[in-house]
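Quick notes on the structure that follows.
The values are calculated or read from the model by the stated rules, or taken from the named source; none is laboratory data. Since this is a predicted model, take the numbers as computed values, not measurements. Reconstructed Cβ throughout: ideal geometry from the backbone, glycine too, with neighbour counts over all protein chains shown. Surface areas here come from the heavy atoms of the whole protein model, side chains and all, with no ligands, DNA or RNA. Shrake-Rupley method; radii C 1.70, N 1.55, O 1.52, S 1.80 Å.
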Amino acid sequence: MKPYREIGHKIIWLEEVDSTNNYAKNLAEKGEEEGIVVVARKQTCGRGREDRNWISPEGGLYLSFILRPVFPVKELTPITLLSAVAVLEAVEDITSLKCQLKWPNDLLLHGKKVCGILTESKVVGETVVYVVVGIGVNVNNSIEELNAGLQYPAVSLKEKLGYDIEISILLKEIIRNLNKYYPLTLSKGWSFIVKKWKEKLYQVDKELREPIIHLQDFLSLENEEGELA
Ligand code: BTN
């Protein structure tokens, strides 16, 4: 296994940025190493999947980190699943809230979106050059500012809890979980994270069909390597 560099060994804090994913991708293009985390107090041009905006006022958590994994392109999808599990467990551990996951990258609270993940990568041939995982969590945001312009109902942790959450504590917990699960999956395979992720899946009957199709390739790859639990 390639030596892995701890996620968060260096954290870049920004007051404001267009997008932490853009910033991290620029760093990765310049050769910055694995494990660097970029965090911004707010984003002026936060990006979501499928060219959507990610409304990013102060009060939310916006972070991106760089990975340089040595594994097949197929295994990029589970990095998003791993990140979603890391955020879910962080939220559940520091609040009394119970969350669910929605394929492929949403974290839901009572059916409303509280976190989104945007994974972007540079791949040359079959080689993954870098991966940037961007995580946006609605922490202390007001519901009015979140729902303006979004196509899905959103919610914040504060809205559900009735009080503010310390963003740095949530960040620390997410990073702790990433550092627990990422090296484990590199050494032992992805099956346990896929299992954890499935256990938390929202509306299993409805949502499982698509993930199963997407994960089929990936799971058969693990079978070949004999690592599926
Ligand atoms: C989605 O659900 O569509 C994904 C949203 C991802 C938002 C995060 S916020 C931090 C990082 N920077 C971005 O511009 N996007 C991601």
Exercise. How big is the antiparallel share of DSSP beta bridges in the stretch 10-215, given as a percent to the nearest 5?
Worked result: 75
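On the protein heavy atoms, probe 1.4 angstrom, tell me the percent of accessible surface of the stretch 10-215 carried by carbon and sulfur. Display every interim value, and only then the final one.
Values: 4550 of 9170 Å².
Roughly 50 percent, rounded to a whole number.
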Exercise. Which far-off residues, 5 or more places away or on another chain, put their amide H under 5 Å from the one on L101, with H placed in the peptide plane?
Worked result: L108, L201, Y202
Exercise. So if R0 is 41 Å, what FRET efficiency would K198 and E126 give, r being the distance between their Cβ atoms, rounded to the nearest 0.05?
Worked result: 0.90
Problem set entry | Rounded if a/c under 1.5, otherwise prolate or oblate - the chain, Cα gyration tensor axes | oblate
Seminar exercise, completed: Longest the chain segment clear of trypsin sites (Lys or Arg not before Pro) sitting in DSSP loops (not H, G, I, E or B) with at most 14 other Cβ atoms within 10 Å runs 99-229
Exercise. Which pairs break 26 Å Cα to Cα here: K122/K158; K98/K122; K42/K158; K25/K198; K42/K113; K25/K74?
Worked result: K122/K158; K98/K122; K25/K198
Problem set entry | Among I117, I165, I79: highest mean-square fluctuation, GNM of the chain, C-alpha pairs under 10 Å | I165
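Could you list the GluC sites (Glu not before Pro) in the stretch 1-98 that lie in coil according to DSSP, counting only those with at most 14 other Cβ atoms within 10 Å of their Cβ?
Those satisfying the criteria are E6, E33.
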Exercise. To the nearest Å, what is the center-to-center distance of the stretch 56-127 and the stretch 14-46, using C-alpha atoms only?
Worked result: 16
Problem set entry | Size of the stretch 101-152 as Cα extents on the principal axes (Å, biggest first) | 44, 19, 19
Exercise. Once phi is turned into θ = phi - 60°, what whole-Hz ³J(HN,Hα) does the Karplus curve with 6.51, -1.76 and 1.60 give for every residue of the stretch 156-171, x standing for Gly and Pro?
Worked result: 10, 4, 4, 4, 7, 8, x, 8, 6, 10, 6, 4, 5, 5, 5, 4
Exercise. Ignoring ligands, DNA and RNA, what accessible area per residue does the chain give at 1.4 Å, in Å²?
Worked result: 47
Exercise. Which residue, L27, L108, L201, tops the fluctuation ranking in a GNM of the chain built on C-alpha contacts under 10 Å?
Worked result: L27
Exercise. Check F71: other-chain or 5+ apart residues with amide H under 5 Å from its amide H, H built from backbone geometry?
Worked result: V128
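Per DSSP helix of 4 or more residues, -39500 (n - 2.57); summed, then divided by the residues of the chain. What does that give at 222 nm, rounded to the nearest 500?
For the chain, the value works out to -12000 deg cm²/dmol.
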Problem set entry | Debye-sum result for the stretch 1-132 in log10 I(q)/I(0), which assumes one identical scatterer on each alpha carbon, at q = 0.12 Å⁻¹ | -0.48
Exercise. Gain in length, E15 to S168, computed as 0.36 nm per residue apart minus the alpha-carbon separation, to one decimal in nm?
Worked result: 53.7 nm
Seminar exercise, completed: Charge dipole of the stretch 10-215 built from unit charges on the beta carbon (Lys, Arg +1; Asp, Glu -1), centred at mean Cα; most positive-end Cα among T20, N138, P104 is P104
